[in-house]
1. Test residue 52 against the stated conditions and say whether it is at pLDDT below 95 and touching a helix residue (DSSP H, G or I) at 6+ places or on another chain (Cβ under 7 Å).
2. Going through 33, 39 one at a time, which residue ends up being in a strand (DSSP E or B) and modelled with pLDDT under 95?
3. How many residues, within the stretch 66-88, are under 15 Å from residue 37 (Cβ atoms) and outside any strand (DSSP E or B)?
4. Filter the stretch 53-65 down to the residues that are under 12 Å from residue 86 (Cβ atoms) and either free of Cβ contacts under 8 Å to residues at least 24 places away in the same chain or part of a loop (DSSP other than H, G, I, E, B) (or both) and list them by number.
5. For the stretch 61-85: of the residues being surrounded by 15 or more Cβ atoms within 10 Å (Cβ to Cβ) and at pLDDT below 90, which is nearest to residue 23 (Cα to Cα)?
C-alpha cells in the first residue's frame, strides 16, 4: 500500500540520479533505482530558459534499517525536490 506525501526533501545526486535524501529529519541512502522517467510541461507553459521538466525516480532506500520504496520528483523550473509517495 502506498501513501501520498508531496513533502520537500533535500537530495544529494551523482550523475543526475539521487543517492541520498533527507526526509523528516532522517537520512536515507538509495540502494537501487527502480525506475526513472521525465515528463515535459506543455510547450505553452515553458520559456526558452526553462524547459519545465519534471524528473521522477522510484527508488529503494533505507535510513539504516528496513528498506522501503519511495517516489522522488525533481522540478527543473523550481529547482526543488519532493518526496511524492512511499510504499510500506
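1. Values: at pLDDT below 95: yes; touching a helix residue (DSSP H, G or I) at 6+ places or on another chain (Cβ under 7 Å): yes.
Yes: the conditions hold for residue 52.
2. Numbers: 33 fails: modelled with pLDDT under 95.
39 is the lone residue from the list that is in a strand (DSSP E or B) and modelled with pLDDT under 95.
3. Matching residues across the stretch 66-88 total 1.
4. Once the filter is applied, which keeps residues that are under 12 Å from residue 86 (Cβ atoms) and either free of Cβ contacts under 8 Å to residues at least 24 places away in the same chain or part of a loop (DSSP other than H, G, I, E, B) (or both), the stretch 53-65 yields only 63.
5. For the stretch 61-85, the residue satisfying everything is 76.
The values are calculated or read from the model by the stated rules, or taken from the named source; none is laboratory data. In this text, all values refer to a predicted model and were calculated from it rather than measured experimentally. In this analysis, Cβ positions are derived from the backbone assuming ideal geometry, glycine residues included, and neighbour counts consider all displayed protein chains.
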